[in-house]
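J.: I have a structure here, written as structure tokens, and I will follow up with some questions on it.
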Amino acid sequence: MAEQAACSGQVLAAQNAGATPRRGLFIVLEGGEGAGKSTQLQTVKSCMQELGFTVECTREPGGTKLAEQIRSILLTKDPDEALCSTSELLLMYAARAQLVRSKIRPLMEQGVVVISDRFDLSTIAYQGYGRGFDLQEIKALRELAIGDFKPDLTLLFDVDVDTGMQRVLQRSSKDRIEEESRQFFTRVRQGYLDYAQQHPDEVCMLDGSGSVEQVAEKVRQVLQEHFGHLQVQA
Ligand SMILES: Nc1ncnc2c1ncn2[C@@H]1O[C@H](COP(=O)(O)OP(=O)(O)O)[C@@H](O)[C@H]1O
Ligand SMILES: [Mg+2]
């Protein structure tokens with residue numbers, strides 16, 4: 001799907017107008033399975049470094065020692081006991097609370113640009129649209145876990161479900177969530193698309209179906225538009 005016209009760098013630019021950032025930035029890559037998040041993380045990293053920022057990358061669920069332990073519960077399929085969807089939701093927020101407090105916020109306070117492979121929008125898409133949890137219940141958990149903390153920019157990579165699944169098939173083995181059905185991932189994609197449409201000031205949607213280099217070029221363009229004016233002087 002084509003990028004939305006409302007991919008609005010202007011909002012952030014206005015917030016930061018003319019100022020050298022006093023704190024870091026938080027940039028998130030989102031999208032369904034095989035959308036290209038992990039591939040494009042490197043593009044985001046090098047682009048922000050070229051703008052002069054110190055950059056740290058992380059991922060969700062996980063990113064800290066304890067949160068990575070939670071990740072392994074979330075993604076490993078246990079033949080003896082199925083993880084219920086309520087536990088899945090609560091563990092996602094447990095991992096997120098830990099990641100924000102012990103890694104993202106401290107780094108941002110030092111002026112670092114933190115880039116995360118997935119964040120809270122994944123929960124809206126997967127546990128909300130995918131599993132069917134009420135979005136208001138998710139909102140209440142979010143407020144408990146991370147308050148009003150949110151990314152400065154979310155890059156949403158959109159590919160159709162079949163393309164994404166084809167790409168994932170090429171990977172060695174599927175984790176517990178990647179084993180879900182095509183219908184599940186269709187709902188997940190709809191969750192992303194709905195959120196992007198409703199929050200054009202937070203989410204910039206990119207067509208992830210082109211070649212790696214075509215998508216990377218688009219990523220560089222978007223980052224330049226959003227953050228180019230913040231370039232750190234050497
Ligand atoms: N634009 C692209 N075109 C073709 N293949 C891609 C593209 N982006 C990523 N891939 C490949 O698809 C697979 C999934 O990409 P990945 O970045 O791991 O997706 P995600 O992290 O969103 O699940 C990888 O094997 C990757 O090399
Ligand atoms: Mg990935």
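The values are calculated or read from the model by the stated rules, or taken from the named source; none is laboratory data. Just so it is clear, the structure is predicted and the values come from calculations on it, not from any experiment. When we count neighbours, we look across all protein chains shown, and the Cβ atoms used for this are built from the backbone with ideal geometry, even at glycine.
J.: Within the range 98-133, how many residues are more than 17 Å from L29 (Cα to Cα) and touching a helix residue (DSSP H, G or I) at 6+ places or on another chain (Cβ under 6 Å)?
T.: 7
J.: I'm trying to understand the selection: among the residues of the range 154-177, which are of a type in the set (D, E) and either under 17 Å from G132 (Cα atoms) or more than 17 Å from the chain's Cα centre (by Cα) (or both)?
T.: D160, D162, D175
J.: Could I ask something else about it? Considering only residues that are crowded, with 19+ Cβ neighbours inside 10 Å and within 18 Å of the chain's Cα centre (by Cα), which ones fall in the range 53-69? Break it down stepwise before answering.
T.: Within the range 53-69, the subset crowded, with 19+ Cβ neighbours inside 10 Å is 53, 55, 58-63, 67.
Once the filter is applied, which keeps residues that are crowded, with 19+ Cβ neighbours inside 10 Å and within 18 Å of the chain's Cα centre (by Cα), the range 53-69 yields V55, T58, R59, E60, P61, G62, G63, A67.
J.: Now for a different question. Taking the range 203-234 on its own, how many of its residues are among the polar types (S, T, N, Q) and either under 18 Å from S38 (Cβ atoms) or free of Cβ contacts under 8 Å to residues at least 40 places away in the same chain (or both)? Walk me through how you get there before you give the answer.
T.: Here is the first cut: in the range 203-234, the residues among the polar types (S, T, N, Q) are 209, 211, 214, 221, 224, 231, 233.
Adding the requirement that they be either under 18 Å from S38 (Cβ atoms) or free of Cβ contacts under 8 Å to residues at least 40 places away in the same chain (or both) leaves 209, 211, 214, 221.
Of the residues in the range 203-234, 4 are among the polar types (S, T, N, Q) and either under 18 Å from S38 (Cβ atoms) or free of Cβ contacts under 8 Å to residues at least 40 places away in the same chain (or both).
Results for (1) hydroxyl-bearing (S, T, Y); (2) closer than 15 Å to D120 by Cα; (3) in contact with a Leu (Cβ under 6 Å, 6 or more places away or on another chain), shown as yes or no for each residue.
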{"site": "R142", "(1), (2), (3)": "no, yes, no"}
{"site": "I146", "(1), (2), (3)": "no, yes, no"}
{"site": "P151", "(1), (2), (3)": "no, yes, no"}
{"site": "L169", "(1), (2), (3)": "no, no, no"}
{"site": "R176", "(1), (2), (3)": "no, no, yes"}
{"site": "E180", "(1), (2), (3)": "no, no, no"}
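J.: Please specify each residue of the range 188-202 satisfying the condition of being under 23 Å from D134 (Cα atoms) and touching a residue at least 60 places away in the same chain (Cβ under 8 Å). First the steps, then the outcome.
T.: Taking the range 188-202 and keeping what is under 23 Å from D134 (Cα atoms), we get 188-200, 202.
Across the range 188-202, the qualifying residues are V188, R189, Q190, G191, Y192, L193, D194, Y195, A196, Q197, P200.
J.: Are any of the residues in the range 150-157 in a strand (DSSP E or B), away from ligand 1 (no atom under 13 Å from the Cβ), surrounded by 16 or more Cβ atoms within 10 Å (Cβ to Cβ) and among the β-branched types (V, I, T)? I'd like the intermediate steps shown before the answer.
T.: Looking only at the range 150-157, we keep the residues that are in a strand (DSSP E or B), and these are 153-157.
So of that shortlist, the ones also away from ligand 1 (no atom under 13 Å from the Cβ) come out as 153-154.
Subsequent filtering for residues that are surrounded by 16 or more Cβ atoms within 10 Å (Cβ to Cβ) retains 153-154.
Restricting the remaining residues to those that are among the β-branched types (V, I, T) gives 154.
So far as the range 150-157 goes, yes, one or more of its residues are in a strand (DSSP E or B), away from ligand 1 (no atom under 13 Å from the Cβ), surrounded by 16 or more Cβ atoms within 10 Å (Cβ to Cβ) and among the β-branched types (V, I, T).
J.: Could you check how many residues of the range 179-193 are assigned to a loop (DSSP other than H, G, I, E, B) and either crowded, with 16+ Cβ neighbours inside 10 Å or in contact with a Pro (Cβ under 8 Å, 6 or more places away or on another chain) (or both)? Show your work before the answer.
T.: Restricting attention to the range 179-193, the residues satisfying the condition of being assigned to a loop (DSSP other than H, G, I, E, B) are 179-181.
Next, from what is left, pick out any that are either crowded, with 16+ Cβ neighbours inside 10 Å or in contact with a Pro (Cβ under 8 Å, 6 or more places away or on another chain) (or both): 180.
So the answer is 1.
J.: G210 versus (1) farther than 21 Å from L121 by Cβ; (2) within 16 Å of the chain's Cα centre (by Cα): which is the lone unmet condition?
T.: It is condition (2) that G210 fails.
J.: Could you pull out the residue among R187, R176 that is under 26 Å from L91 (Cβ atoms) and within 16 Å of ligand 1 (Cβ to nearest atom)?
T.: Values: R187 fails: within 16 Å of ligand 1 (Cβ to nearest atom).
Going through R187, R176 in turn, just one is under 26 Å from L91 (Cβ atoms) and within 16 Å of ligand 1 (Cβ to nearest atom): R176.
J.: Among the listed residues L230, L223, identify the single one that is within 21 Å of V113 (Cα to Cα), away from ligand 2 (no atom under 16 Å from the Cβ) and modelled with pLDDT under 95. Walk me through how you get there before you give the answer.
T.: Details: L223 fails: modelled with pLDDT under 95.
Answer to the selection: L230.
J.: Then there's this: Please pick out the residue among G210, G228 that is out of contact with any helix residue (DSSP H, G or I) (no Cβ under 6 Å at 6 or more places or on another chain) and in a loop (DSSP other than H, G, I, E, B). Write out each step before concluding.
T.: On the way: G228 fails: in a loop (DSSP other than H, G, I, E, B).
From the options G210, G228, the qualifying one is G210.
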